[in-house]
1. Checking the conditions here, which among N222, N151, N170 is touching a residue at least 24 places away in the same chain (Cβ under 8 Å), assigned to a loop (DSSP other than H, G, I, E, B) and closer than 24 Å to I258 by Cα?
2. Could you grab me the full set of residues in region 116-129 that are assigned to a helix (DSSP H, G or I) and either open to solvent by less than 50 Å² (accessible area, probe 1.4 Å) or small (G, A, S) (or both)?
3. For region 51-62, give me the residue count where each residue is open to solvent by 60 Å² or more (accessible area, probe 1.4 Å) and either more than 26 Å from R184 (Cα to Cα) or touching a residue at least 60 places away in the same chain (Cβ under 8 Å) (or both).
4. Quick one: in region 394-420, which of the residues that are modelled with pLDDT of 85 or more and of a type in the set (S, T, Y) is nearest to E320 (Cα to Cα)?
5. Looking at (1) touching a residue at least 40 places away in the same chain (Cβ under 8 Å); (2) within 30 Å of A371 (Cα to Cα); (3) part of a strand (DSSP E or B), can you tell me which one I258 breaks?
6. Let me confirm something: among D70, D103, which residue is touching a Leu at 6+ places or on another chain (Cβ under 6 Å), modelled with pLDDT of 90 or more and either open to solvent by 30 Å² or more (accessible area, probe 1.4 Å) or under 30 Å from S28 (Cα atoms) (or both)?
7. Just checking, which of G34, G9 is more than 23 Å from D616 (Cα to Cα), modelled with pLDDT under 90 and in contact with a helix residue (DSSP H, G or I) (Cβ under 6 Å, 6 or more places away or on another chain)?
8. I'm told L242 meets every condition in (1) surrounded by fewer than 23 Cβ atoms within 10 Å (Cβ to Cβ); (2) at positive phi; (3) touching a Phe, Trp or Tyr at 6+ places or on another chain (Cβ under 9 Å) except one. Can you identify the failing condition by its number?
Amino acid sequence: MGASLYSIGLSGIQASNALITTTGQNTSNVNTAGFNRQTTILTSTLNGGVAVRDTERVVDQFLNQQVRTDTSANQYYEKYHQLSSTANELVGDQSVSLNTYLDKMFSSLQSANSDPTNLAIRDIAFSDITNAVSQFNELSSFVETQNELANNQLGSVIDEINEIAGQIANLNEKILVQETVGGRVANELRDQQEELARGISEMIEVKLSYDSNGLMELQFKNGQPLVLQGDTKELVLSPNELNPSEYELRLDFGKYDIGLTNDSLGGQLGALMDYRNDMLTEMDRRLGQQAIVLADTMNSQNALGLDYNGDYGKDLFSLEDIQINQSSANSSLSHDLKIRPEAGKSAEITTDTYSLTMTSATTFDVQGYDANGDSNGVLVSVDLATAVPSADGYVSIPGLGIEARLQADPSINFANGDLYQFTPTTGAAAGLSTATGTGEHLALNGPIVVSSSLSNISNASISLSDVTDVDPATSGFVAGGGLDPAAPHSIRFTLADEYEVLDSGGAVLATVGGVTNYNNLLEQAGLNTAGYDVSISSIPVPGDSFEMSFNSAGTGDNFNGLKLADLQNQNLIEGGRSYTQSYTAMVTNIGSQTHSLKLNMDSSDTVLQQSLNRRDEISGVSMDEEAVKLVRFQQSYSASAQVITAARDTFQTLLSAVR
């Protein structure tokens, strides 16, 4: 009986010592990041007494996964909000707002219209045009700078993910050795490992599982492995072949790599990717769209007037060629392919991306994709056998506001399947520049002057109502200035509701009767190809005549200048927006996104804290609870010591009895 009491008492002391040790471990690590409360499991033995079965961590893996998921979401919104706030503050600042510069530019144009002969005022107007261009460039530069910043941070985050993944794999090897060879549960190593996994979740959302040996495995949301036992797959960032400005995440498996979808990555990595590929890309494309429309519409309108020197208006703005990317599988990487916005078609320009594929010896298909890479339903076929190229070899791509030069170098032929991709608006704001140098090139004057015959009886007056074309090849104007003799030069009313249109020699070009509307008389006569039109203020009397001639003097005329200034009020951009409305919509969209991110960030803070609290209720160390346990375990230790004392006394009594 004594020997049994000794055994029982000794086992109790050993068990109590283990419990006290575990309690000490818990209290000493109360502030250790990632530490999970431990508990020692005791079991009674068959011969009496107690044995220490194991010391294990108190962990709820479901709660831990929830903490990792909520951490990833919280870091995503926090990082994205931080980045978007920078963009929102810039574009929303009135002093750098593009609208401020556009308003100033058009206000100066109005001032120039009030005194078209004043070169100083013209130069001020042109200077403000240059300033507006510089602001397009400046905003584009901001986007590029933010892109570079995001790229640098992406590289750092990916390096850190790969580093932590390597540490987790290394801990797997240590855990396996300690728990198999050493025979000791690696609680502390597993805590370190889970804390590392939580650290990765700050950067990207991961799923955690354990293999048959209890070793940690990490996978991305789409199931691709990051850590398998002691092996890791390196995460790399590479540019998209057909869109180098967009980056893709890939897992390197050595002999091959696998792409990861950029959707819902979570964490700081997801925020950086979304900021770069969504917000910054959208900003760049919207600014590019505005730049293209501004350049095209202003150039087109300026071309319809005469400048200070009496010459046809020249381009005020210029744009760089659209960047084209091609597949590495193309039959040749040296094809001479160019794409540019089509003059006068900028209203058709969208922010979408297009692929161009050769489908036959003379046919190319152009297919459109939205910002998410999904088909937008656009599919246009261009057949070089039937398309009519421009003088410099470009053919129109109908409905898209662009034209392409697809004629190949005779020594380098295209082949079926050759694939190209481009986004017309990408980089367009950075490539915007002024094409002329002074205010003299502002074509404020109308190319036509009109007058009423001095012999007219009525008070009806004639006015130039429109100018649509000054191209000598397609209008009544001639190269270098002037009107073709065969173009409309005068209008003569034979009746109050009937008139004749005459050329310079007096030959009748058209007769119109039954007139009730005295606007756009050349259009009513079917002479749209003249390139200009006139209107009469009131009902004339028979015999009244009106003349039209080329504006060879032009001084003091602001007909075309008013048209230029009025472009500010026209809905010229996709979706029926003006220049300023388009920029305002972009600013509003960024502001709305930033506000939503702030709300989501605040909400995710609350959700994460709740998850941490639930986890701590299970796995966290409570000093009060541990203090109570320590007192109890000390008492059990003392009690077990008393059992040994009782066993000793009993044994001494028995010895004394048999002597």
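The values are calculated or read from the model by the stated rules, or taken from the named source; none is laboratory data. The model shown is predicted, which means the values in this text are computed figures rather than measured ones. Using ideal geometry, Cβ is built from the backbone for each residue, glycine included, and neighbour counts are taken over all protein chains shown. What goes into the accessible areas is simple: the full protein's heavy atoms, side chains included, and nothing from ligands, DNA or RNA. Shrake-Rupley method; radii C 1.70, N 1.55, O 1.52, S 1.80 Å.
1. N222 is the lone residue from the list that is touching a residue at least 24 places away in the same chain (Cβ under 8 Å), assigned to a loop (DSSP other than H, G, I, E, B) and closer than 24 Å to I258 by Cα.
2. Listed by number, the residues that qualify are A120, I121, R122, A125, F126, S127, D128, I129.
3. 2
4. Within region 394-420, the match that is nearest to E320 (Cα to Cα) is Y394.
5. Looking at each condition in turn, I258 falls short on (1).
6. Result of the check over D70, D103: D70.
7. G9
8. (2)
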